[in-house]
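These notes concern the structure reproduced below.
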Amino acid sequence: MTAVADFPATAPATRAERPETGVVGADVRIPLVTGEHVDYANFDYAASAPCLVPVRRALEEALPYYASVHRGAGFHSQVSTEAYERARRSVARFVGARGDDAVVFVRGTTDALNLLARSVPDGCTVVVFSGEHHAALLPWQHRAGRAGRVVRLPLPASPAAAVDAARDALRTAPEGPRLLCVTAASNVTGELWPVEELTEVAHAAGARIAVDAAQLVPHRAFGLSSSGADYVALSGHKLYAPFGSGVLAGRTDWLRAAAPYLAGGGATANVTEDDVRWNDLPARHEAGSPNVLGAVALAAACDTLSAAGRDRLHEQEQRLLDRLRAGLAAIPGVHDLSLWGAGHPRVGIVSFVVDGLAADLVAAALSAEHGIGVRDGLFCAHLLTRRLLPPSHSQAVRASLGLGTTEEHVDRLVGAVAELAARGPRWTYGHVDGRIAPVPDPRS
């Protein structure tokens, strides 16, 4: 019989036994409107990454033992409880948590930052840049009437300007608790933000910093301890674990003092007719039956990426990203979006527009005629995307890379965009259920 201590296996592999980093669905072939079938070229990792093969394997191993955690005497419940808490330890290692940091399982980055917004002390001043993803931009102004204020800074002209603006805003904020919330990598351009420098100025001003790492950690390592940041939020569905789990990790005092994020079983230590005594962290903010399998999946993804070697994976991605950017830059009429210039470091995300073609038409044609999946729109970062768009465009196309991306995918995308820029779509398109789609669409 499997022992609790042996299941599931999450110990990091040695360099000699690096785990497989393939993604589920990499061999799926899809139909085109022309009647051909091609391998699907997924360039939508920034929205939701596919499942890693080792993550699927971890779930297959966990499913026979699935049960509710923490309160069951049965063997399955004990195994699931151990798997859940081992997952917490794996995630803590992945985000470089300090020994006294809390690791709270949530649904994703949006959930994590809403939890933190509910936990900041009364009177807290929150500083945020207007270019943030909505998950990091909006929770602070919806804090259910809590006292305090939100300072929204304009988009900075450079990383140095971002640091200066944050320093000024935090220094001039009213006395009391202060929090700076910033992304680590833009979900629109992929550009890296100066997190360590922003952490320094926040702490120099007596403030804390929360980092939205949803778009960074699938591509590069991040550590709470090494960066000095106070909080980090991430999503499993961006991290090759698309099973509804995410994490808020960081300092415990604000989280411990806050009322439970959700009121219910699991968050309670004792309930009487007259009173409720709430649990300590992390159970305090994990009411209800936790997403055990989501936590197991997230931990398996964290362990797999760590064991595979983050530097090696980054180098592989960077070669593909350079190939994609160079290819798009050579196409007349194609313009990529950038906040700080083409030379600024970024993760595997490129957003662009094509002269004379709407973004939704480009995305539809790439899919229907070439088997390429991209994202079109404003990417839940409306203020930033609209600021970067040329005047003649209202939306952009986003191509994002991941572990399943190949050179053939990149070359196919570049060739397809070049064809669209030169001659337009080969098929006819119209509005179908609110979206641009092939008309007629011969695919089943």
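The values are calculated or read from the model by the stated rules, or taken from the named source; none is laboratory data. Since the model is a prediction, treat every value here as computed from it, not as a measurement. We place every Cβ from the backbone using ideal geometry, glycine too, and count neighbours over all the protein chains shown.
Among the residues of the range 233-285, how many are among the hydroxyl-bearing types (Ser, Thr, Tyr), touching a residue at least 40 places away in the same chain (Cβ under 8 Å) and outside any strand (DSSP E or B)? Show your work before the answer.
The first filter runs over the range 233-285 and keeps only residues among the hydroxyl-bearing types (Ser, Thr, Tyr), leaving 235, 240, 245, 252, 261, 268, 272.
Keeping just the survivors that are touching a residue at least 40 places away in the same chain (Cβ under 8 Å) gives 235, 240, 245, 252, 261.
Then drop every residue that is not outside any strand (DSSP E or B), which leaves 240, 245, 252, 261.
Qualifying residue count, the range 233-285: 4.
Suppose we filter the range 110-153 for residues that are closer than 20 Å to residue 198 by Cα and of a type in the set (Ser, Thr, Tyr); how many remain?
Of the residues in that region, 2 qualify.
Which condition does residue 340 not pass, out of (1) part of a loop (DSSP other than H, G, I, E, B); (2) over 19 Å from residue 379 (Cα atoms), if it passes all the others?
(2)
May I ask you to say which residue of 88, 98, 152 is modelled with pLDDT of 95 or more and either assigned to a loop (DSSP other than H, G, I, E, B) or outside the structural domain of residue 267 (by TED's automatic domain parsing) (or both)? Full working, then the answer.
On the way: 88 fails: either assigned to a loop (DSSP other than H, G, I, E, B) or outside the structural domain of residue 267 (by TED's automatic domain parsing) (or both); 152 fails: either assigned to a loop (DSSP other than H, G, I, E, B) or outside the structural domain of residue 267 (by TED's automatic domain parsing) (or both).
Checking each option against the conditions leaves just 98.
Please go through the range 120-132 and give me each residue that is buried (at least 22 other Cβ atoms within 10 Å of the Cβ) and of a type outside the set (A, V, I, L, M, F, W, C), ordered by number.
The answer is 125, 131, 132.
With the checklist (1) under 30 Å from residue 342 (Cα atoms); (2) in a helix (DSSP H, G or I) in hand, flag the one item residue 141 doesn't pass.
Here residue 141 clears every test but (1).
Is it true that some residue in the range 156-170 is at pLDDT 95 or above, under 22 Å from the mean Cα position of the chain (by Cα) and over 20 Å from residue 110 (Cα atoms)? Steps first, please.
Within the range 156-170, the subset at pLDDT 95 or above is 156-170.
Narrowing further to those that are under 22 Å from the mean Cα position of the chain (by Cα): 159, 162.
If we keep only those that are over 20 Å from residue 110 (Cα atoms) too, we end up with 159, 162.
Scanning the range 156-170 turns up at least one residue that is at pLDDT 95 or above, under 22 Å from the mean Cα position of the chain (by Cα) and over 20 Å from residue 110 (Cα atoms).
Going through the range 213-232 one residue at a time, which ones are surrounded by 24 or more Cβ atoms within 10 Å (Cβ to Cβ) and without any contact (Cβ under 8 Å) to a residue 60 or more places away in the chain?
If the condition is that a residue be surrounded by 24 or more Cβ atoms within 10 Å (Cβ to Cβ) and without any contact (Cβ under 8 Å) to a residue 60 or more places away in the chain, then 229 is the only one that fits.
Yes/no matrix, rows are residues, columns are (1) crowded, with 16+ Cβ neighbours inside 10 Å; (2) on the phi > 0 side of the Ramachandran plot:
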site: 66; (1), (2): yes, no
site: 69; (1), (2): yes, no
site: 88; (1), (2): yes, no
site: 96; (1), (2): yes, yes
site: 100; (1), (2): no, no
site: 106; (1), (2): yes, no
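Residue-wise test of (1) touching a Lys or Arg at 6+ places or on another chain (Cβ under 7 Å); (2) modelled with pLDDT under 95.
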residue	(1), (2)
289	no, yes
293	no, no
307	yes, no
319	no, no
323	no, no
329	no, no
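Checking the structure you have, find out if any residue of the range 421-437 is under 22 Å from residue 190 (Cβ atoms) and surrounded by 15 or more Cβ atoms within 10 Å (Cβ to Cβ).
We begin by selecting, within the range 421-437, every residue under 22 Å from residue 190 (Cβ atoms); these are 421.
Going one step further and asking which of them are surrounded by 15 or more Cβ atoms within 10 Å (Cβ to Cβ), we end up with 421.
Looking through the range 421-437, at least one residue is under 22 Å from residue 190 (Cβ atoms) and surrounded by 15 or more Cβ atoms within 10 Å (Cβ to Cβ).
Could you please give the count of residues in the range 299-333 that are surrounded by fewer than 21 Cβ atoms within 10 Å (Cβ to Cβ) and within 19 Å of residue 43 (Cα to Cα)?
Within the range 299-333, residues that are surrounded by fewer than 21 Cβ atoms within 10 Å (Cβ to Cβ) and within 19 Å of residue 43 (Cα to Cα) number 15.
Could you list, in sequence order, all residues of the range 176-219 that are hydroxyl-bearing (Ser, Thr, Tyr), under 16 Å from residue 137 (Cα atoms) and not in a loop (DSSP other than H, G, I, E, B)? Spell out how you get there, then give the answer.
Within the range 176-219, the subset hydroxyl-bearing (Ser, Thr, Tyr) is 183, 186, 189, 199.
Among the residues that remain, those that are also under 16 Å from residue 137 (Cα atoms) are: 183, 186.
Listed by number, the list holds a single entry, 183.
Any residue that is surrounded by 24 or more Cβ atoms within 10 Å (Cβ to Cβ) and under 19 Å from residue 297 (Cα atoms) - is there at least one of those in the range 192-212?
No; the residues of the range 192-212 include none that is surrounded by 24 or more Cβ atoms within 10 Å (Cβ to Cβ) and under 19 Å from residue 297 (Cα atoms).
Would you check which residues across the range 133-159 are surrounded by fewer than 18 Cβ atoms within 10 Å (Cβ to Cβ) and within 26 Å of residue 282 (Cα to Cα) and list them?
Correct list: 134, 138, 141, 142, 144, 145, 146, 147.
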